[in-house]
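Peer 1: Got a structure for you, written out below as structure tokens; questions coming shortly.
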Amino acid sequence: MIKRNAFLRLKKYEAKLDPEVIKKRFEAERKMMIEQEANLIPELCELEESAKVLIDEGCTSVIKYPFYLAYARELWRLTKRYGGNMLLQEIRILEMKWEARELDPSLLEKIRVSLFGINIT
């Protein structure tokens, strides 16, 4: 195994944090980054509006409202990243997390099925 000494690692890290290097990297990718966001933001906003309707119908506590929205956003992110069995596993993990935070499992399921059409058996 190759070992790099701490001094070389520190120099490499320091070089990555050079403001000019960072500025050039962002300038080169700025247009593409804006295009990507422009494509995704309308979709995410539509999802949030649809989720708000479902949450209004089923949520009894105003305090938990942002958590249900966060669940919907996380679920959206997972559907963009994974598919098949891996997606189902990640959704199960996500739902266990939010259920542990005392969100209603039936409302989580309603959001998942109504907005994403994903049934877990």
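Values in this text are rule-based calculations from the coordinates and carry no lab data. Please read these numbers as outputs of a predicted model, since none were measured by experiment. Glycine gets a Cβ as well: all are built from the backbone with ideal geometry, and neighbour counts include every protein chain shown.
Peer 1: Hey, what number do you get for the chain at 222 nm if only DSSP H runs of n ≥ 4 count, each worth -39500 (n - 2.57), divided across all residues, to the nearest 500?
Peer 2: Helices in the chain give a 222 nm mean residue ellipticity of -27500 deg cm²/dmol.
Peer 1: Counting trypsin sites (Lys or Arg not before Pro) as exposed when in a DSSP loop with at most 15 other beta carbons within 10 Å, what is the longest stretch of the chain free of them?
Peer 2: 5-100
Peer 1: Got a sec to turn the phi values of region 114-119 into Karplus ³J(HN,Hα) couplings, 6.51 cos²θ - 1.76 cosθ + 1.60 with θ = phi - 60°, whole Hz, x for Gly and Pro?
Peer 2: So the J values, rounded to whole Hz, are 5, 8, 10, x, 10, 9.
Peer 1: May I ask you to derive the FRET efficiency for ASP56 and THR121 from their Cβ-Cβ distance with R0 = 30 Å, giving the value to the nearest 0.05?
Peer 2: FRET efficiency, ASP56 to THR121: 0.60.
Peer 1: Using alpha-carbon pairs under 8 Å, 6+ residues apart, how would you state the relative contact order of the chain in percent?
Peer 2: This gives 24 percent for the chain.
Peer 1: Would you work out which of ALA15, ILE55, TYR65 lies farthest towards the positive end of the dipole of region 6-116, given +1 charges on the beta-carbon of Lys and Arg and -1 on that of Asp and Glu, about the Cα centre?
Peer 2: With unit charges placed on the Cβ atoms, the residue in question is ALA15.
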